[in-house]
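The values are calculated or read from the model by the stated rules, or taken from the named source; none is laboratory data. What you see is a predicted model; the values in this text were computed from it and never measured. Neighbour counts run over all protein chains shown; Cβ positions are idealised from the backbone, glycine included. What goes into the accessible areas is simple: the full protein's heavy atoms, side chains included, and nothing from ligands, DNA or RNA. Shrake-Rupley method; radii C 1.70, N 1.55, O 1.52, S 1.80 Å.
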Amino acid sequence: MYHKRICIVTNYSNTTNFGALLQAYALNRTINELGYVADDLYVTSDYSSRKNKFIRQLTHFQFKEIKNEVISRIQKYNVRNHLNERKKVIDEFRFHIPHTDRYSIDNLEQLQKNYDVFICGSDQIFRPNRLTGELEKHFFLGMVNNGAIKASYAASMGISSYDPKTEKKAVQYLSSFNKISMREESSAEYIRQITGREDVIVSVDPVFLIKRDDWISKLKPYEIEGKYILVYMIHGTERLFKSIKDFATENKLKIITFPSMSYKRKKYEVGFADIEILDADPFQFINLINNAEYLFTDSFHGTAFSLILHKQAFISSANEIAFSRIENILRITQAEKMIIPSNGLTPEHYIKKPEIDWNKVDIAIEKQRALSINYLHEVIEL
């Protein structure tokens, strides 16, 4: 019996971001469990090499970025062994996900002979490249021109709109899509507007496609002695960090954080945490969320796993880029009580966790899951 082969094009190849890898894992696993054969695209290019990145920064007069890069490399030097360990465990997780042979950005058209369906998503794949300002062709399936099925699943733009030139290019790419699914309603409405397509729908992030018990069965231990607060922040403010530190001190709780692989830290982040974890893999990351006494985050996937795992959390509004989609999923699950101001609250407010009706959360997630899986079936069986 022939099983359709699906190529998933997402943020898989080079990322060290927990959320990006977990959404890649979740969509791949879901499609394979539906009875198809799915691989994530493994693509490399010279774009992110140190030399080319430096040249692009110079070309675009991004002197602040160059300065930050130098400072970051100095900071990383002292923790290079830990960073290498982090890269090792991340790569082990990445290659555990079924994936294609290794392709370069220049020979992707060769993929077409191996796959029946191409699905791009999730994550912020429709966002213009931060250095060039241009859309990345392969994320819009621009290399597929042989009539194979093309669709997006829960794709995200990461911005509210494109400039006129970029918008025209996006419309050109999307005109050949059989189906379009976005992660946020605001992005879906924008894509409907610029393409004139009324069939653009909203689908849930792939991590919600896997049920709570299945995620829990995948958890891997990461030993932490004593009770702790987990802080997973992208854009935490100084006042927010101070309020968390004061709360932790008053209640004798350790603070655990995950520094980014770039190791770029603001002054007020230095010395903030009792333990900085640099060698956890994505399943250990989920376990650390699950076992935390308190979770503070402004990350979409930090929020997503707090909902999936029934972990009452404090969700900061500091991350302006992600907050609209965070707010959207909290509204859908009726868990808006977890939102706190960008500058945090006084420590006495944190001792009382927001009471969330987890039954309502589960019902809302299950409804979104069913709709999203039905969409995937429709795409693949076109």
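Checking each residue in segment 164-195 for being touching a residue at least 24 places away in the same chain (Cβ under 8 Å), part of a helix (DSSP H, G or I) and open to solvent by 10 Å² or more (accessible area, probe 1.4 Å) picks out THR166, GLU167, LYS169, VAL171, TYR173, GLU185, SER186, TYR190, ILE194, THR195. Of the residues that sit in segment 209-227 and are open to solvent by 80 Å² or more (accessible area, probe 1.4 Å) and out of contact with any helix residue (DSSP H, G or I) (no Cβ under 7 Å at 6 or more places or on another chain), which one is nearest to GLY19 (Cα to Cα)? The selected residue is LYS211.
Per-residue answers, yes or no, for (1) open to solvent by 60 Å² or more (accessible area, probe 1.4 Å); (2) more than 20 Å from the chain's Cα centre (by Cα):
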position: HIS301; (1), (2): no, no
position: SER317; (1), (2): no, no
position: ARG331; (1), (2): yes, no
position: GLU336; (1), (2): yes, yes
position: ILE340; (1), (2): no, yes
position: THR346; (1), (2): yes, yes
position: ASN359; (1), (2): yes, yes
position: LEU371; (1), (2): yes, yes
position: VAL379; (1), (2): no, yes
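Could you give every pair whose Cβ atoms fall below 6 Å, whose first residue belongs to segment 350-374 and is farther than 21 Å from ALA313 by Cα, and whose second residue is of a type in the set (Ser, Thr, Tyr) and part of a loop (DSSP other than H, G, I, E, B), counting only separations of at least 6 or pairs across chains? Partner pairs satisfying both residue conditions: SER372/SER203.
Of the residues examined, SER161 is not one that is among the hydroxyl-bearing types (Ser, Thr, Tyr), open to solvent by 20 Å² or more (accessible area, probe 1.4 Å) and in a helix (DSSP H, G or I). For segment 88-107, residues that are touching a residue at least 60 places away in the same chain (Cβ under 8 Å), assigned to a helix (DSSP H, G or I) and either under 11 Å from SER13 (Cα atoms) or touching a Leu at 6+ places or on another chain (Cβ under 8 Å) (or both) total 3.
Restricting segment 228-285 to residues that are modelled with pLDDT under 90 and among the aliphatic types (A, V, I, L, M), the residue that is least open to solvent (accessible area, probe 1.4 Å) is LEU278.
Residue check: ASP199 meets all listed conditions (1) in contact with a strand residue (DSSP E or B) (Cβ under 9 Å, 6 or more places away or on another chain); (2) crowded, with 17+ Cβ neighbours inside 10 Å; (3) assigned to a loop (DSSP other than H, G, I, E, B) but one, namely (2).
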